[in-house]
Amino acid sequence: MTADRPAMTHLLVTLTVEPPGIRVTWLLDGVGLNAGDTIGRLPVSIAGAPTLRLDDQMVTAQDHLGAVPLLMSVSADDDGEPRRSWRVGRSTSGPIELSYLAESVTEEPLPATAPLELRAEGGGLSGVLKCFLVLPPGPEDLTFTLRWNGPVRKGQSAGGWMGVTSLGEGDGRDGELAGTGLELLGDTYVMCGDLADRHHRDGELSTWWLTPPGIDVEAFSSRLGTTYQVMSEAFDAPAHPYRVFLRTHPHRGANASAHPASFVMAVNPANPLNEASLYETVAHELVHEWLHLDGPAEEVTWFSEGAADYYSLVLPFRSGLLDEESFLRAVNFEAREAYANPRRDLHLRQAQKVFFSDFLTHRLPYARGMFYLADLDARLRSATSGEQSVDDVVRFVVRQRRQGRRTSVEQWCAQVQQILPDAELPILDSLVFTGTGRPGEDSFGTRFVQETIQVPVLDLGFDPSTLMTRQIRGLVPGGAAERAGLREGEIVDLPRYPDIVRLDVGDVLTVGVTRDGQAVRTAIPLTGATAPVPCWVRRSAP
Ligand SMILES: [Zn+2]
């Protein structure tokens, strides 16, 4: 028997609102399975966020011969993480349909975990597809289409109901919600519910929420919309639709995650973050829509993260969306993170190895990349009497990318050398990779003057993860924390990380700890090493 193999494998995913969850039905066309082959996979958790608890009775499959028996098992994926797999009990024939009800996760969200899981909020649902979509095993480059079926309400149409995804709005019947690749499909974020009155648009940028996030969301969204427009003009690249999804959680701070042309952030309406820091966070993400160099992560992360930090401050400042005080505060904060960092002497190639596990190291490529770009901007402006700037080099990168060409670090340097006489790689090496260089005086323009201040190195005598987890780990014998009486494993109450970074010589870090049911406060004096850190202030009038 010969079968005509379809030229393409296609997956049609239909999401039907079916309280208390979403019925997921997909139709896979172009794949024939033999008995025992895997038809679908779902990790047990993704980046700490729980997926669905589906057993094999809850997932059904059929082809044109009828029901296909399924067998579920849990095994380790390539990274050793547990995942559920469903295998078919017989050979399949023709398109295969899979169906199950995805119920929202009801456990309280974990602190410091991105808002990825399928969750119900205010009469709607949201989550990233890979947390509730059983994905077929391949091929990786299959094409897909997404469709929504809204809720059916007795005797009336579902008035304000909308389904919104990273890929677009509408029910998908116009073909808008389509794409190529399992990775894109899995990374797609979705939100559905009574969203007609719970979103705000400003140009191509829109913000969506199911419950009030506790901030002035219209002001927040319109400021971001203008920022997005300013960036698209600065990079000489057309803006495409970009969506910000807001969720709520009961924790301090914001947890966030980036998705295709979209960003999701969980905030606590009872204890909202200041809007300035939310704005900075999303503005940083917007830059990622355009600016990337090509190469291994340890070679190029400094550019994507450094450029995101640099342009999310410089462009809003230039266009009046960020006032001078906030701009300087952010720049000088980042200078402390770069140059008084206990890991400040680390080479970026070493840093990449612990990029995700060591919190202080994580910040190095961001900060060094930003100050390199600021320094380069000053050098380019000075050499061309203000005719050219780092924006011109960045626009070259964006143009290359739009034309499907890659730009390596070497090509970046070659592009800079078309304007500047000296070899760029050694300068890049010192400011970014080894971290020995310091940005020049006029890095943020001649209206600011650079001073050097002595800043305490945050050598607190415990692992930096303590600043995030608030549980003492890696207590150094004889170190500052131990001398202050703190013990390994103790849960501590600490100031917010930005407030710790802003401590000066002579300050103390006040730590709260509960012992024998008694709240005690102790102080870690910042008497250890200091580091010279550049600091920009407004140039006083002559
Ligand atoms: Zn980033």
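Quick notes on this one:
- Just one residue in the set Tyr310, Tyr372 is crowded, with 20+ Cβ neighbours inside 10 Å, at pLDDT 95 or above, within 22 Å of Leu224 (Cβ to Cβ) and in contact with a helix residue (DSSP H, G or I) (Cβ under 8 Å, 6 or more places away or on another chain); that residue is Tyr310.
- Among the candidates Glu451, Glu441, Glu482, residue that is acidic (Asp, Glu), under 30 Å from Phe371 (Cα atoms) and not in a loop (DSSP other than H, G, I, E, B): Glu451
- Pair list, Cβ < 6 Å and 6+ apart or interchain, from region 364-393 residues that are away from the ligand (no atom under 16 Å from the Cβ) to residues that are basic (Lys, Arg): Ser389/Arg381
- Figure legend. Inter-residue proximity from region 269-297: first residues without any contact (Cβ under 8 Å) to a residue 24 or more places away in the chain and of a type in the set (D, E, K, R), second residues part of a loop (DSSP other than H, G, I, E, B) and crowded, with 18+ Cβ neighbours inside 10 Å, beta-carbon distance below 9 Å, spacing 6+ or different chains. No pairs are indicated.
- Being outside any loop (DSSP other than H, G, I, E, B), in contact with a Cys (Cβ under 9 Å, 6 or more places away or on another chain) and either in contact (Cβ under 8 Å) with a residue 24 or more places away in the chain or under 27 Å from Pro316 (Cα atoms) (or both) is a condition met by no residue of region 402-417.
- Taken over region 303-329, residues that are over 26 Å from Ser166 (Cα atoms) and either within 19 Å of the chain's Cα centre (by Cα) or acidic (Asp, Glu) (or both) amount to 3.
- Among the residues of region 354-376, those identified as in a helix (DSSP H, G or I), of a type in the set (Ser, Thr, Tyr) and closer than 30 Å to Gly461 by Cβ are Thr361, Tyr366.
- Neighbours by Cβ (under 9 Å, 6+ apart or cross-chain): first from region 512-531, closer than 12 Å to Gly485 by Cβ; second surrounded by 12 or more Cβ atoms within 10 Å (Cβ to Cβ) and at pLDDT below 85: Val520/Thr514
- Of everything listed in (1) buried (at least 17 other Cβ atoms within 10 Å of the Cβ); (2) closer than 25 Å to Leu315 by Cβ; (3) not aromatic (Phe, Trp, Tyr), the single unmet condition for Pro238 is (1).
- Glu337 in a helix (DSSP H, G or I), within 20 Å of the chain's Cα centre (by Cα), within 16 Å of the ligand (Cβ to nearest atom) and more than 28 Å from Pro238 (Cα to Cα): yes
- Boolean, Ser430 is under 21 Å from Ala351 (Cα atoms), modelled with pLDDT under 95 and not basic (Lys, Arg): no
- Residue in region 252-259 that is of a type in the set (D, E, K, R), touching a Lys or Arg at 6+ places or on another chain (Cβ under 9 Å), surrounded by 22 or more Cβ atoms within 10 Å (Cβ to Cβ) and more than 30 Å from Val393 (Cβ to Cβ) present: no
- Region 68-81: number of residues that are closer than 14 Å to Ala47 by Cα and either touching a helix residue (DSSP H, G or I) at 6+ places or on another chain (Cβ under 8 Å) or at pLDDT 90 or above (or both): 0
- Residue in region 377-385 that is outside the structural domain of Pro464 (by TED's automatic domain parsing) and in a loop (DSSP other than H, G, I, E, B) present: yes
- The selection criterion, being more than 15 Å from the ligand (Cβ to nearest atom) and not polar (S, T, N, Q), holds for Pro238.
- Filter result for Ser99 (more than 28 Å from Asp29 (Cβ to Cβ), out of contact with any helix residue (DSSP H, G or I) (no Cβ under 9 Å at 6 or more places or on another chain), at pLDDT 90 or above and in a strand (DSSP E or B)): no
- Condition broken by Leu346, with the remaining ones in (1) more than 16 Å from the ligand (Cβ to nearest atom); (2) in a helix (DSSP H, G or I); (3) more than 17 Å from Cys535 (Cα to Cα); (4) aliphatic (A, V, I, L, M) satisfied: (2)
- Residue in region 129-147 that is without any contact (Cβ under 8 Å) to a residue 40 or more places away in the chain, on the phi > 0 side of the Ramachandran plot and not polar (S, T, N, Q) present: no
- Test result for Ser389, surrounded by fewer than 14 Cβ atoms within 10 Å (Cβ to Cβ) and in contact with a Leu (Cβ under 7 Å, 6 or more places away or on another chain): no
- Across region 189-220, the qualifying residues are those that are among the hydroxyl-bearing types (Ser, Thr, Tyr) and surrounded by 23 or more Cβ atoms within 10 Å (Cβ to Cβ), and the one among them that is farthest from the chain's Cα centre (by Cα) is Thr207.
The values are calculated or read from the model by the stated rules, or taken from the named source; none is laboratory data. Just so it is clear, the model here is predicted, and its values are computed rather than measured. Every residue, glycine among them, receives a Cβ derived from its backbone with ideal geometry; neighbour counts consider all protein chains shown.
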